[in-house]
Each structure stands twice: as structure tokens, then as C-alpha cells.
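These notes concern the structure reproduced below.
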Amino acid sequence: MHYDLIVVGGGIVGLGHAWAAAKQGQTVAVFDNNSRAEGASIRNFGMIWPIGQPAGPQRDLAFRSRELWLEMGAAAGFPVRKCGSLHLAHHEDELAVLQEFAASTAADGLDVELVTPERIAELTPAANPSGLQGGLYSRTELRVTPPTAVSSISAYLAAGHDVKFHFDTPITRVDSGEVTASNGQTWTAERIVIANGAYFQHLFPEAHQAERLRLCKLQMMLTDAQPAGWNLGPHIASGLTLRHYPSFSSCPSLAAVKQRFAQDSPELDRFGIHVMASQADNGSLILGDSHEYDDDIEPVDKAEIDALMLRELQKIMDVPTWNITRRWHGLYAKHPAQMCFVREVRPEVLVVNGFGGNGMTLALAFSESVIHRWQDSAQWELLHETH
Ligand SMILES: Cc1cc2nc3c(=O)[nH]c(=O)nc-3n(C[C@H](O)[C@H](O)[C@H](O)COP(=O)(O)OP(=O)(O)OC[C@H]3O[C@@H](n4cnc5c(N)ncnc54)[C@H](O)[C@@H]3O)c2cc1C
């Protein structure tokens, strides 16, 4: 009942901390509300997405996460595919952004190539050729199927590192050295990490208020399995996506792209829609997404958003079946100014949260850095300064 590390939250952030500590030989326990992880970490595209991270320390962290995903996939026995990504340009201004990106330091560290429509047809059968101007192919991005990845990581940590998983165990109180579950049972630890994602109001709400953490809701869809042998190839992203990721923000032509969409399709900005697609291990396409924040979030999903996303996807993609078999939404916590935050809310109790739409891409490496720096108090201030 006593551990070196207790982790509250069995999503990718919690699992990342559990793995890093277990690799050091620490005894670790993970607690989750539900009978299995059901949060953002199993509801996403499964895109490990360095191309969306700003060049510099944040992209470096994504590269380190990439290595860790490959290591974890091999160890835990689930597919981590080196699929890469393809941003499609169906408009001149989108192509200009991709050209500017490829030619600038914004692409530092990435293995990118501007590609013609002919080359795109070799890379994927899914690009809609109508109006296609070109694209940007990156070889760096990875693909996992999120529910498979998360359950495989948990099973591997339990079997391979003796991490103790306590599912169906909501933690209602955390003090230095001790967590208490809703049934009153307690467990003790030298250190505690709280990685409770979108449930951030429930423990130390004052810390999250101080960070001005935002809640974001995203709607997603899944198609039927595409025909056997049909492979998407790289993840597909659209001109709309260029508005979303900060890595493109220094491209001079981005303003024209944003202005065009704002003028021609204000409904897309209203719901924060940009469209992307990845392929799950069973051949289905994972499609999304939209972004609604805080007070705009309704508990029920909007059919209008799904229709708009399909409309935009069909402008850029042509796939054998668009039959939608699953619809869901995910919630994540997003820091308004940083890629995430770490706050020591009690001695030896850390809250780690706020990764927004980048947790799958960043959390494994970030968790590793937290655990490594926790060992070394001289590094601790540095961690606070960096993030
Ligand atoms: C639709 C969608 C698409 C996305 N696509 C991508 C993508 O392709 N690439 C990418 O990099 N990122 C993506 N993201 C972002 C990424 O999924 C998140 O940043 C990441 O999953 C957050 O992980 P987490 O562990 O903080 O949260 P979660 O996965 O939500 O985990 C938190 C866990 O804590 C548990 N919990 C909460 N409170 C308690 C408590 N008191 N006691 C016990 N357990 C508790 C919950 O049950 C939950 O399992 C996407 C997110 C969404 C929603």
C-alpha cells in the first residue's frame, strides 16, 4: 500500500509518468475513475504530430516522444506506424503557406518535401484531385490506434513493470504522501502526480483557476472499415489545419488563408473546425475535428458540426466509404499560454495538465522530463522556468 509514486489518472499523461518512474525501478500505482481509461487519450486521432509543434524545445520534445512511442509499441506489442503526414493544398494561398514553411526555419528538424499532385497520388489514394495544387509531405509523424495503445500500455506496465492499476477508484482527496478514494480507503507514496485531464475541477481547483486552464470539446467520427488493401498512407491534413497549429504561424501567407475562410465560411471559425483524417488499425478512418470552449460547451453533440466537417473533408478527400459508424466527443484541458503546466500543489504533489490537442505528441517525453528532474532538485527550478 506504500509506493514511490502514485499517479491519479490513467490517460497518456498519467501513463507517461508511471512508465518513466517504473523504468527507474520505482514502485508505482495508477488510479483511475473508470473501469478503463475513457478520457481524451482514447478519443483522439492517434496522431503523433511533431509537424504541429513550434520548432525549438517543443518540437524536440515531440521528437523524443516519437522515440518513446516506438520503444513502447515494440515493448507492449501494439502497432506504432511510421505513416508520416500530408498537408493538402486545394487553394493557391494554402500552397504558398506550405512553400514558406518548407523553406524556413519553421520546418527545422522535420524531413519534409513539397509534393506535386502526381506525387500525392503515389502517397495516398485519398486526395481529392479536383482543385489539388500540391502538398507538403512529412516523414516524421506516427500513428497509433488510441484505445489499443492505451490499454496495451497499461497491460505492459502492469505485467512488465509491476505497476499496480486501481481502476474504478476515484481519488477524492490528495495530501502530501497520501491519496484517499471515494470509499475512504487510503494509499501512501513518496510522491504523487495528478494527471486528471478534463476532470481538473475535482482536485485542487484553485491551481487550475490560477493557470486559467480552459476546457475544450471536440467532435469526432469514424467511418466503416475501408475495403481490404486500401491504405490511407500518411495522415491527411487540410488547408484549414494551417490555421490551427502554431508551427505555421510565421508563414506570411497564412493571413490570407485565415481571411478567406473567415469571409467565405464563418461557420467553420464559429465551431473551430479544421479537418484531418487518420486510419485506425481495423481500416476505419478517424475524422475530425471541432473546438468549442468553456461556456460554449453543450453536453450534447451538434449534428451541424458533423455535417460541416464531412462537407470540408469531402472537398479534400475521396475515399471508398464515408459511411459513419461512430460519433463521439472528447474533452481536453488546455493551458491558455503554454504547451502544458506543472504545479507543486503540496510538497511532493504535482499537478501536470493542460496539453490541449498535443498530449499524445508531447506527454511521454514531458513526463519523462518531470520524473528525471524530480530526482534532482537542482533541476526543479529549471522545469518551472521552462514550462
Ligand atoms: C478528439 C481529440 C482528438 C485529439 N487528437 C490528438 C492527436 O491526434 N494527437 C495528439 O497529440 N493529441 C490529441 N489530442 C489531445 C490528447 O488526446 C490529450 O492531450 C491527452 O489525451 C490528455 O491526456 P490526459 O492523460 O491529460 O487526459 P485523459 O486521457 O482525459 O486522462 C485523464 C484520466 O484521469 C482520470 N481521472 C480524472 N479524475 C480522477 C480522479 N479524481 N481519480 C481517478 N482518476 C481520475 C480520468 O478517468 C481519465 O482516465 C486529442 C484530444 C481529443 C479530445
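The numbers here are math on the coordinates, done by the rules we state, and not lab data. The model shown is predicted, which means the values in this text are computed figures rather than measured ones. Every residue, glycine as well, gets a Cβ built from its backbone with ideal geometry; the counts of neighbours run over all protein chains shown.
Distance between Cα centroids, the range 284-350 to the range 62-121: provide it in whole Å. Going from one Cα centre to the other spans 21 Å. Segment His2..Asn34, full-extension length gain: 9.3 nm, with 0.36 nm per residue of separation and the alpha-carbon distance subtracted. Convex hull of alpha carbon positions in the chain: directionally averaged projected area 18.2 nm². Taking label positions 7 Å along the Cα-Cβ direction at both Ser182 and Ser265, the computed distance is 4.1 nm, reported to one decimal. Here the simple spin-label model places points 7 Å from the Cα toward Cβ, and for Asp60 and Glu344 these points are separated by 2.4 nm.
Each Lys or Arg adds one and each Asp or Glu subtracts one; over the other residues with Cβ under 12 Å from the Cβ of Leu61, this totals 0.
Cβ-to-Cβ counts within 10 Å put Ser85, Ser104 in ascending order as Ser104, Ser85, the fewest first. Distance between the 7 Å Cα→Cβ label points at Ala121 and Lys82: 2.8 nm.
For Ile305, the shell of other residues with beta-carbons less than 12 Å away shows a net charge of -4, using +1 for Lys and Arg and -1 for Asp and Glu. The alpha carbons of the range 93-134 occupy a box of 30, 21, 12 Å along the principal axes, longest dimension given first.
If we count every other residue with Cβ under 12 angstrom of Tyr199's Cβ, Lys/Arg +1 and Asp/Glu -1, where does the sum land? My count for the surroundings of Tyr199 gives -2. Counting 0.36 nm for each residue step from Arg327 to Asn282 and taking away their Cα separation leaves a gain of 14.5 nm.
In straight-distance terms, cross-link reach from Lys315 covers every one of the lysines whose alpha-carbon lies under 19 Å from its own, apart from those fewer than eight places away in the same chain; here that gives Lys258. Applying 0.36 nm per residue to the separation of Asn231 and Ala159 and subtracting their alpha-carbon distance, the gain on full extension is 22.6 nm.
Coupling constants for the range 72-86 follow from the phi torsions by the Karplus curve (6.51 cos²θ - 1.76 cosθ + 1.60, θ = phi - 60°), and in residue order they are 5, x, 5, 6, 8, x, 10, x, 10, 9, 8, 7, x, 9, 9 Hz; glycine and proline get x.
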